[in-house]
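The values are calculated or read from the model by the stated rules, or taken from the named source; none is laboratory data. Keep in mind that this is a model prediction, so the values were computed, not measured. Please note: Cβ atoms are built from the backbone with ideal geometry, for glycine as well, and neighbour counts cover all protein chains shown. Quick note on the areas: whole protein, heavy atoms, side chains included, nothing else; ligands and nucleic acids left out. Shrake-Rupley method; radii C 1.70, N 1.55, O 1.52, S 1.80 Å.
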Amino acid sequence: MGVAGAAAGEGEAVSTDSATWWRNAVVYQIYPRSFADGNADGIGDLAGILAHVDHLAWLGVDAVWLSPFYTSELADGGYDVIDHRAIDPRIGTLEEFDALVAALGAHEIKVIIDIVPNHSSDLHPWFQEALASGHGSQARGRYHFRDGTGERGELPPSDWESLFGGPAWTRVDDGQWYLHTFAKEQPDLNWDHPEVRRHFLDVLEFWADRGVAGFRIDAAHMLIKHLPEALPSQAELNSWSGVGDHPVLDRDELRELYRTWREVFNRYDPPRTAVAEAAVPAERVPMYASPETLGQSFFFDLLLGDYDARDFHDTIDRCLATAAATGSSVTWVLNNHDTVRSASRYGTRFAGMGPNGFPLVKHGMDWLLAHGDPVLCDAPRGLRRARAAALVMLALPGSAYLYQGEELGLPEVAEIPDDRRADPAFFRNPGVDMGRDGCRVPLPWTRTGASFGFGDGGAHLPQPAWFGRYSVEAEREDPNSTLHMYREALRLRRELGGIDELEWLPTDSDEVLHFRRGPWQVVANFGPAPVPLPEGRLLLASGELGKDLPGETTVWLVDG
Ligand code: BGC
């Protein structure tokens, strides 16, 4: 089937020099509140991460991405930021942050942090000032305030819906309304306001000065909005045909904005890098991922798709081609803090993709809505497929993002009582969305003991009794564990890396993918039945092998 992608530019070898370290990096996402708790208050913190730097070094990751650790009222797990330059006291201090950057740096692990520029917390001083200053004030100009409709302005300015469910407008005491794409505690900032622009340039500089190597830009396609006097309806927004002129998404002006960010990045040596979280069609990716703007953009295609050979094949080709066209590299993702974990997702029914490229029903949501009914999720199969998918992902050219616990094959926790849930997506969408808490349950470090080694002060989301089986302790002792598989994959990937081309090889079955990168071959059997193993020396397998390659199993081979 020929050579796909040549992702980093024809013939160009993977560079390991420091300016392009991100192109093929394995980045490990830490959700700080749920990684490890150093001060026994039930909430993970920087001290907890510091105590487990050895785990990250042992695993062999190139960088960590820290989800928000800023001061926050936790209306959206920290994505509601009160002060972009301060660390929440429950999570740590700036001194601890510096110590963490240094400790990771000693193992050559870089730090990427989350920047949340689309909105602030409603407790941010700017929003408080806007509330106090009233109608038409300069302070309200930093957000999107509008008068209501209806005879006395008692109706919202438009019928827009928040992405977490419910209306996207909330009314304040003096009768005006403000826009929030997410929860009502997350008012959208107005990026036409020069102070907003200036502020975030300062924020980027502040963290870059502290040794941060890169930034993950939250909702990067939403920042600039153009709200006409007569607002379009939600239906009109959904079916917008123009490109680059949508009132609230993916506007052309973002290119110019991110160029100004690039100027900041390039002032550093090595230049800082960034990855956009932007849900946009392939042809729009270059605006975010070009070397003149952010440098990379997440590709969620694998995460949103099914465990299916054809889907994987098409996705891989499409993403490599898109990245090649931008001069960037693909960022592969199977898990993050917003999605049902792959070990469970792949054991549940896939409802298919909707016309906008998102799954019709979020993978695994039926199972979550049924409070983890085991009939709806084949757990062993989910894990088998998750391991097989991981070995495909980790063999691809480009960077790979792992989400904490993925290396343990940790399943989603479905059995969280409603009164312990914290995600606004759950509260704003009763009966439709169980939210994202199930992938944010504090990690198990030990087989038994207080919070399975998370910390001595309990866990802010309840851990199930079966958690210890997936603990770092248990899996380190078992050479066949998912943890050892990931570690070996990362080691081999580093050893074999350097070839950006991927060549598809023919197979006898539509359910089998076979590709080569230099001397390295990957064979993935997505079907249920065993198939013959091609020639080659076995490097790694996602499951037990017979003389054939069993179903739902991936192997890495090397010539000779
Ligand atoms: C983050 C979510 C967050 C949302 C609002 C997303 O894209 O990944 O966790 O809820 O942005 O900040």
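Overview of values
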quantity	calculated
For segment 501-558: relative contact order, % (alpha-carbon pairs under 8 angstrom, 6 or more apart)	31
Accessible-area composition of segment 361-510, carbon plus sulfur, in percent [1.4 Å probe]	52
Förster radius 22 Å - calculated FRET efficiency between A102 and S18, Cβ distance, rounded to 0.05	0.80
Relative intensity, log₁₀ I(q)/I(0), of segment 15-72 from a Debye sum that treats every alpha carbon as a point, q = 0.15, 0.18, 0.20 Å⁻¹	-0.51, -0.67, -0.78
Theoretical FRET efficiency, 1/(1+(r/R0)^6), r = Cβ-Cβ of D314 and D508, R0 22 Å, to 0.05	0.70
Placed amide H near W191: partners under 5 Å, 5+ positions off or other chain	K225
Whole-number percent relative contact order across the chain, with pairs defined as alpha carbons under 8 Å at least 6 apart	16
Amide H within-cut-off set for D423, under 5 Å, with H built and near neighbours excluded	R436, D437
Full-stretch length increase - I499, D173 - with 0.36 nm per residue and alpha-carbon distance subtracted	111.4 nm
19 Å tail of the calculated P(r), segment 357-514, as % of Cα pairs	64
Taking N as its residue count, the alpha carbon Rg of segment 158-312 over 2.2 N^0.38 Å	1.16
Share, in percent, of DSSP beta bridges within the chain that are antiparallel, nearest 5	55
Sorted peptide list for 23-32, 455-464, 224-233, criterion being average Cβ within 10 angstrom, highest first	23-32, 455-464, 224-233
Largest to smallest principal axis extent of the C-alpha atoms in segment 125-179, angstrom	28, 26, 15
Estimated inter-spin distance, E292 and H193, nm [label 7 Å along Cα→Cβ]	3.0
Value at 222 nm in deg cm²/dmol, rounded to 500, when DSSP H runs of n ≥ 4 in the chain each add -39,500 (n - 2.57)	-7500 deg cm²/dmol
Relative contact order (percent, whole number), segment 448-560, Cα cutoff 8 Å, 6+ residue spacing	17
Cα pair distances exceeding 18 angstrom across segment 459-560, given as percent	56
Computed Kirkwood radius, in angstrom, where 1/r is averaged over Cα pairs of segment 305-361	12.9
Tail beyond 31 Å, pair distance distribution of the chain (Cα, percent)	47
Sequence ranges 166-173, 515-522, 273-280, ranked by mean other-Cβ count within 10 angstrom, highest first	273-280, 515-522, 166-173
Cβ crowding within 10 Å averaged over residues, with 534-543, 326-335 ranked highest first	326-335, 534-543
Dimensionless Rg over Rh [segment 429-488; C-alpha; Kirkwood]	1.08
Solvent-accessible heavy-atom area per residue, rounded to whole Å², over segment 158-282 at 1.4 Å	41
For segment 257-413, convex hull of alpha carbons as volume per residue, Å³	122
When segment 501-558 is reduced to its Cα atoms, the Kirkwood hydrodynamic radius in Å	11.2
Cleavage-rule hits, GluC sites (Glu not before Pro), segment 70-112, DSSP coil, Cβ neighbours within 10 Å at most 11	E108
Kirkwood Rh in Å, taken over all unlike Cα pairs in segment 189-279	14.5
Square roots of 5 times each gyration tensor eigenvalue, C-alpha, segment 346-392, largest first, Å	19, 17, 6
